[in-house]
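Novice: Right, I'll just put the structure down here and ask away after.
The values are calculated or read from the model by the stated rules, or taken from the named source; none is laboratory data. No experiment lies behind these values; they were computed from the predicted model shown. Positions of Cβ are backbone-derived with ideal geometry, glycine not excepted, and every protein chain shown enters the neighbour counts.
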Amino acid sequence: MTIARSPSKKTFVGPRLRELRKERGETQAAMAKALGISPTYINLLENNQRSLSLQVLMRFSDVYGVDWRDLIDDDSPNLLADLRNALQDPIFGDEKADLHELRAALDHCPKLARDMLRLHKTYRVLSERILTTDAAGYDDAPSMFGITPEAMVHDLFRRNRNHFPTLEAAAEDFRSGETIATDEVYSYLKGRLERDHGISVVPVAVTDLPDTLRYYDEATKRILLSDILDYPNRVFQLTHVLGLLGYGDVIDAVIAGGNISDPRGQSRCRVELANYFAAASLMPYDSFLKAAKAQRYDFDYLAALFGVSFEQACHRATTLQREGDPGVPFFFLRIDKAGNVTKRFNATGFHLAEHGGACPRWDIHMCFRTPGRTLPQFVEMPDGSKYFTVNRTVDRPSYGYRSQDNRLAITLGCSIEHAGKLIYASLYQMTDPDLATPIGINCRLCPRQHCAQRAHQPVHLDLPIDENRRGQTRFES
C-alpha cells in the first residue's frame with residue numbers, strides 16, 4: 001500500500017489521536033499497551049512533538065480498525081485560513097491573535113477552533129439575513145435562516161479549494177487523448193452524444209424556446225439548443241450534458257463526500273460540478289496551466305486558444321490547484337449592475353471573495369461604465385491585506401429588445417505577491433506606496449473612517465459624531 005504523501009513531509013496527528021483515545025475511554029498507558037509502544041511516545045504524539053511513522057500508523061489501523069486516511073487527512077491549512085479570516089471581523093476587536101497562536105490552537109484544540117468557526121459562520125449568516133431581509137418578511141422566520149443551495153455549493157467548492165481530482169480524471173478519460181481542432185469541437189460533441197447516448201442535438205429558434213438556453217428532453221432523447229447561444233457556449237452546454245450522462249456517478253460521489261443531503265442543494269451542486277467537468281474537458285489542466293504561465297495569464301489569449309469565453313477561461317484559472325503543480329491561487333466574483341453577487345469561487349483563504357462585492361471604490365463596479373475593457377486594480381482591505389484584481393464586464397445572451405444590455409461584471413483576484421505573474425500588472429510600479437486603493441467588504445462591515453463613499457453606519461462600530469464638523473458624508477464628522 002502506498003500513502004500518497006510527500007516522503008519528506010512529517011505526519012503529525014496529535015489532536016486526532018487524542019480524540020480516538022477519548023472516544024474509546026482509554027488512558028495513554030492503555031493505548032500504548034495495545035499498540036506495543038511506550039506511554040511516553042503516545043504523549044509526545046498527542047502533543048505533536050513526534051511525527052507518526054508508517055509502522056505505527058499501520059498498527060493503529062490494525063488494532064483500532066480505523067482507516068489510516070482518517071488519521072493523516074490534514075485540513076489544517078484551510079482551517080488556519082478560515083480562522084484568520086474570521087478573526088478579521090470587527091467584533092473581535094483590534095488585538096488579533098498572531099499566526100503562532102492560531103497554529104497552536106489548531107494543534108492542541110482543533111475541535112474548539114472548528115466550533116468557534118461554526119459559531120462565527122452562524123453569526124454571519126444571521127447578521128447578513130437580518131441586514132438584507134425586510135421586516136415584513138419575518139413571518140417566514142423558520143425558513144429565513146436556512147442554508148441556501150447556493151451556499152451549499154460555495155461551501156463544497158471552498159472545502160475542496162475549488163479543485164476536484166476525480167473530475168479532472170473524468171475529464172481526461174472523456175478526452176481519451178483525442179486532439180480536436182477548436183472549430184470542430186461542436187461537431188465532435190454532437191457525434192459523441194449520438195454515438196454514446198443516442199441523443200440528437202437540435203438548434204431551436206429563440207421564439208420556439210423562450211427564456212431557455214438549453215433543454216434536454218429525455219422522452220425524445222433530444223437536446224434543444226437556443227439559437228441565442230454563441231459557439232463557445234453551445235460547446236460548453238453540450239459538454240455539460242455529456243458530463244452528467246457519462247460521469248454522473250463521479251459527480252454524485254463528490255456530492256456524497258460533501259455530506260449534502262438536501263435535494264435542492266444536491267441538484268445545485270450537480271449542476272455546478274457538471275460545469276466543472278465541462279471546463280476541465282475543454283481546458284485540460286496541463287495544457288491550460290502551461291499556456292497560462294507562458295502568456296502570464298492573458299485571458300483573452302487563453303479564451304481564443306481554447307475556444308472558450310473570457311469568463312470561462314477566468315473561472316477555469318481558479319481550479320488550477322493540483323497538489324504539486326498549482327497555478328496562481330485566484331478568487332472569482334461575478335456581480336450584476338445592482339452589486340448582487342451572482343457567482344463566487346475561491347481557491348484561497350481571502351475573505352474578500354467570501355463576503356465582498358459591495359464596495360463602490362472597487363473597480364468591479366466601474367466596469368459597467370467601460371464595458372469590454374479590462375480594468376486592473378490593486379486593493380487593500382481594512383486589515384492591511386492587499387490583492388490584485390482584474391475586472392471586466394461580460395455580456396449574457398439577449399433574447400430581444402427588452403432584454404438587451406444583459407451585462408454582468410467579473411473580477412479575478414489574487415494576493416499581491418502573485419501579481420507579478422499576471423500580464424495585467426506589468427505596467428505598475430510595485431514599490432509605489434499608494435498603489436493599492438483602500439476598500440472594504442461593504443459599508444455596514446467596514447471600519448474605515450473618512451471614506452467619501454460611505455453609505456451606512458458600521459454595524460459593529462460607533463463612528464465619532466462632532467456637531468461642529470461636517471465630513472465628506474453625513475456619517476463622518
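Novice: Please indicate, with yes or no, whether at least one residue in the range 104-116 is exposed (fewer than 14 other Cβ atoms within 10 Å of the Cβ), at pLDDT 70 or above, assigned to a helix (DSSP H, G or I) and among the basic types (Lys, Arg).
Specialist: Yes: one or more hits.
Novice: Can you tell me which residues in the range 81-102 are modelled with pLDDT of 75 or more and in a helix (DSSP H, G or I)?
Specialist: Of everything in the range 81-102, those that are modelled with pLDDT of 75 or more and in a helix (DSSP H, G or I) turn out to be Ala81, Asp82, Leu83, Arg84, Asn85, Ala86, Phe92, Leu99, His100, Glu101, Leu102.
Novice: For residues that are of a type in the set (A, V, I, L, M), assigned to a helix (DSSP H, G or I) and either under 19 Å from Arg396 (Cα atoms) or touching a Lys or Arg at 6+ places or on another chain (Cβ under 7 Å) (or both), tally how many sit in the range 284-317.
Specialist: So the answer is 3.
Novice: Quick one: in the range 239-283, of everything that is assigned to a helix (DSSP H, G or I) and polar (S, T, N, Q), which residue is farthest from the chain's Cα centre (by Cα)?
Specialist: Filtering first and then ranking leaves Thr239.
Novice: Mind listing whichever residues of the range 174-186 are at pLDDT below 95 and not β-branched (Val, Ile, Thr)?
Specialist: Arg175, Ser176, Gly177, Glu178, Ala181, Asp183, Glu184
Novice: If we keep just the residues of the range 376-401 that are among the hydrophobic types (A, V, I, L, M, F, W, C) and within 18 Å of Ser309 (Cβ to Cβ), which is surrounded by the fewest Cβ atoms within 10 Å (Cβ to Cβ)?
Specialist: Val394
This table checks each residue for (1) modelled with pLDDT under 85; (2) in a helix (DSSP H, G or I); (3) within 20 Å of the chain's Cα centre (by Cα).
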| site | (1), (2), (3) |
| --- | --- |
| Arg334 | no, no, yes |
| Ala338 | no, no, no |
| Arg344 | no, no, yes |
| Leu352 | yes, yes, yes |
| Pro360 | no, no, no |
| Cys367 | no, yes, no |
| Phe378 | no, no, no |
| Asp383 | yes, no, no |
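Novice: Can you find a residue that is touching a residue at least 12 places away in the same chain (Cβ under 8 Å), within 26 Å of Asp300 (Cα to Cα), of a type outside the set (Asp, Glu) and surrounded by fewer than 20 Cβ atoms within 10 Å (Cβ to Cβ) anywhere in the range 183-201?
Specialist: yes
Each row is one residue, and each column tells you yes or no for (1) assigned by TED's automatic domain parsing to the domain that holds Arg175; (2) closer than 25 Å to Ile180 by Cα; (3) acidic (Asp, Glu).
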site: Ala256; (1), (2), (3): yes, no, no
site: Asn259; (1), (2), (3): yes, no, no
site: Arg270; (1), (2), (3): yes, no, no
site: Asn275; (1), (2), (3): yes, yes, no
site: Lys293; (1), (2), (3): no, yes, no
site: Asp300; (1), (2), (3): no, yes, yes
site: Gly307; (1), (2), (3): no, yes, no
site: Gln312; (1), (2), (3): no, yes, no
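Novice: On to the next question. Just checking, which of Leu333, Leu273, Leu302 is free of Cβ contacts under 8 Å to residues at least 40 places away in the same chain and either out of contact with any Ser or Thr (no Cβ under 7 Å at 6 or more places or on another chain) or not polar (S, T, N, Q) (or both)?
Specialist: Being free of Cβ contacts under 8 Å to residues at least 40 places away in the same chain and either out of contact with any Ser or Thr (no Cβ under 7 Å at 6 or more places or on another chain) or not polar (S, T, N, Q) (or both) holds for just one of Leu333, Leu273, Leu302, which is Leu302.
Novice: Do we have any residue at all in the range 445-462 that's in a strand (DSSP E or B) and closer than 25 Å to Thr370 by Cα?
Specialist: Among the residues of the range 445-462, not one is in a strand (DSSP E or B) and closer than 25 Å to Thr370 by Cα, which makes the answer no.
Novice: Considering only the range 260-316, state which residues are at pLDDT 95 or above and basic (Lys, Arg).
Specialist: Selection gives Arg270, Lys290, Lys293, Arg296, Arg316.
Novice: Here is a follow-up. Under 6 Å by Cβ, and 6 or more places apart or on different chains, what pairs join a residue from the range 391-402 that is closer than 19 Å to Lys343 by Cα with one that is modelled with pLDDT of 85 or more and in a loop (DSSP other than H, G, I, E, B)?
Specialist: Arg392/Thr374; Thr393/Pro371; Pro397/Ile228
Novice: Kindly evaluate Leu427 against the criterion of being among the hydrophobic types (A, V, I, L, M, F, W, C), closer than 19 Å to Arg361 by Cα and either touching a His at 6+ places or on another chain (Cβ under 7 Å) or not in a strand (DSSP E or B) (or both).
Specialist: When the stated conditions are applied, Leu427 does not pass them.
Novice: What are the residues in the range 415-437 that are within 25 Å of Lys337 (Cβ to Cβ) and at pLDDT below 95, if any?
Specialist: Thr437
Novice: What residue, of Arg322, Arg316, is touching a residue at least 12 places away in the same chain (Cβ under 8 Å), among the charged types (D, E, K, R) and surrounded by 22 or more Cβ atoms within 10 Å (Cβ to Cβ)?
Specialist: Criteria check complete, one pass: Arg316.
Novice: Given the structure, is Gly25 surrounded by fewer than 18 Cβ atoms within 10 Å (Cβ to Cβ) and modelled with pLDDT of 80 or more?
Specialist: yes
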